[in-house]
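Visitor: After the structure tokens below, expect a handful of questions from me.
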Amino acid sequence: MNLFSRRQFILKSASVAVALPHIAPRNLSFASLTVPATPNIKFPVAPRDRLAVASWPFRAQIVSSTNDGRNNSVPGMDLRDFASRVRGEFGVPGVEPLSVHFSSTAIRYLKEFREAIEKAGVSVVNIPVDNSDSYCDPDPAGRKRAIENGLKWLDVAVVLGSPSIRTSMPRVKNASPDVDLAAASLKELVRHAEEKNVVVNLENDDLQSEDAFFIVKVVEKVASPWLHALPDFCNSMMSGNAEFNYSAVAAMFKHAYSICHVKDSEVSEDGKVFQVDLEKTFGILKASNFRGFCSMEWEGKGEPYAGTRKLIDASLKYLS
């Protein structure tokens with residue numbers, strides 16, 4: 001995702017705080033009385049079963065009060081409808097719904113969401129969560145709000161049976177990314193994630209606040225099996241430096257566990273298209289022994305359905 005544009009409207013989006021009960025996810029027995037020492041995720045082996053489709057490319061159609069990417073000139077759909085259509089449209093079993101695409105986080109809505117996806121034979125593989133506050137904000141109040149938002153979405157993940165969330169670290173005015181502050185905040189979030197058997201991921205998204213090598217330092221400092229990197233194939237290419245991008249992706253995959261974002265291009269604010277070599281990037285993925293999910297997050301010029309199908313075809317080719 002190109003967070004340079006997305007986070008501008010995230011900052012304006014209202015978040016709805018709700019109290020959600022602890023409901024055991026699909027991969028954790030209701031009878032379990034102990035927390036596993038490491039994440040308990042059973043990853044599929046067949047290439048197609050490892051694939052998912054992110055809701056971000058379809059933001060023009062998703063109806064939600066917090067989705068500023070909605071285009072009212074095209075037919076709309078609730079996120080639940082999108083999730084249910086993924087199997088029929090793309091023939092893959094995973095969905096990755098973005099936090100601002102949820103029309104509600106009320107427990108009734110979430111239960112209906114889970115019922116809809118289970119009926120359709122799909123599952124949520126990850127929830128990308130966007131924050132308006134940062135884990136490395138020099139202001140303790142900002143860090144506290146970031147942690148609280150993360151806790152809220154851990155509970156959403158539990159209800160939907162999602163094995164992980166991706167939490168973001170937006171830019172902080174007049175402050176540089178701080179490894180120590182970020183690690184201290186994320187240790188608190190990760191402690192709760194462990195209790196819920198939900199993995200927390202950090203993505204190389206914003207080149208300033210979420211540089212891949214900064215993310216790696218944070219993950220290494222926290223040193224928890226419940227905090228991992230989420231490699232995005234093309235976000236670091238926005239630097240304009242191909243060597244940097246592939247080095248960044250390789251560094252992220254060394255710390256990846258549950259999910260990565262597959263894309264072959266990214267479009268800048270001024271319309272410039274940055275492209276990556278998919279074969280080379282999948283080679284990095286394979287060399288890292290990554291066994292998690294691959295979520296299609298098409299980003300480019302044109303409509304997202306054809307672009308997503310193109311990414312799926314390439315993924316099946318290079319994963320086989």
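The values are calculated or read from the model by the stated rules, or taken from the named source; none is laboratory data. None of the values given here were measured: they were computed from a predicted structure. Ideal geometry is used to build each Cβ from the backbone, glycine not excepted, and the neighbour counts take in all protein chains shown.
Visitor: Could you please find all residues in region 267-295 being in contact with a strand residue (DSSP E or B) (Cβ under 6 Å, 6 or more places away or on another chain), over 18 Å from ILE312 (Cβ atoms) and either crowded, with 18+ Cβ neighbours inside 10 Å or without any contact (Cβ under 8 Å) to a residue 40 or more places away in the chain (or both)?
Guide: Within region 267-295, VAL273, PHE274 qualify.
Visitor: Looking at (1) farther than 30 Å from ASP277 by Cα; (2) in contact (Cβ under 8 Å) with a residue 12 or more places away in the chain; (3) of a type outside the set (S, T, N, Q), which one does PRO177 not meet, given that it meets all the others?
Guide: If we test PRO177 against (1) farther than 30 Å from ASP277 by Cα; (2) in contact (Cβ under 8 Å) with a residue 12 or more places away in the chain; (3) of a type outside the set (S, T, N, Q), just (1) comes out false.
Visitor: While we're looking at this one, here's another question. Quick one: in region 116-147, which of the residues that are free of Cβ contacts under 8 Å to residues at least 40 places away in the same chain and outside any helix (DSSP H, G or I) is farthest from the chain's Cα centre (by Cα)?
Guide: Residue satisfying both the conditions and the ranking: ASP139.
Visitor: Okay, moving on. Based on what the data block shows, is PRO44 in a loop (DSSP other than H, G, I, E, B), at negative phi, touching a helix residue (DSSP H, G or I) at 6+ places or on another chain (Cβ under 6 Å) and at pLDDT 95 or above? Lay out the reasoning, then the answer.
Guide: Values: in a loop (DSSP other than H, G, I, E, B): yes; at negative phi: yes; touching a helix residue (DSSP H, G or I) at 6+ places or on another chain (Cβ under 6 Å): yes; at pLDDT 95 or above: yes.
So PRO44 fits the description; yes.
Visitor: Restricting the search to region 52-98, which residues are under 23 Å from SER164 (Cβ atoms), of a type in the set (Ser, Thr, Tyr) and modelled with pLDDT of 95 or more?
Guide: If the condition is that a residue be under 23 Å from SER164 (Cβ atoms), of a type in the set (Ser, Thr, Tyr) and modelled with pLDDT of 95 or more, then SER55, SER64, THR66 are the ones that fit.
Visitor: Just to be sure I understand, how many residues within region 47-87 are within 19 Å of LEU110 (Cα to Cα), part of a strand (DSSP E or B) and not β-branched (Val, Ile, Thr)?
Guide: 2
This table checks each residue for (1) basic (Lys, Arg); (2) more than 14 Å from the chain's Cα centre (by Cα); (3) in a loop (DSSP other than H, G, I, E, B).
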position: MET237; (1), (2), (3): no, yes, no
position: PHE244; (1), (2), (3): no, yes, no
position: SER247; (1), (2), (3): no, yes, no
position: ALA251; (1), (2), (3): no, yes, no
position: CYS260; (1), (2), (3): no, no, no
position: GLU269; (1), (2), (3): no, yes, yes
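Visitor: Ok, one more. Among the residues of region 311-320, write down those that are under 11 Å from PHE90 (Cβ atoms) and either of a type in the set (Phe, Trp, Tyr) or out of contact with any strand residue (DSSP E or B) (no Cβ under 9 Å at 6 or more places or on another chain) (or both).
Guide: ASP313
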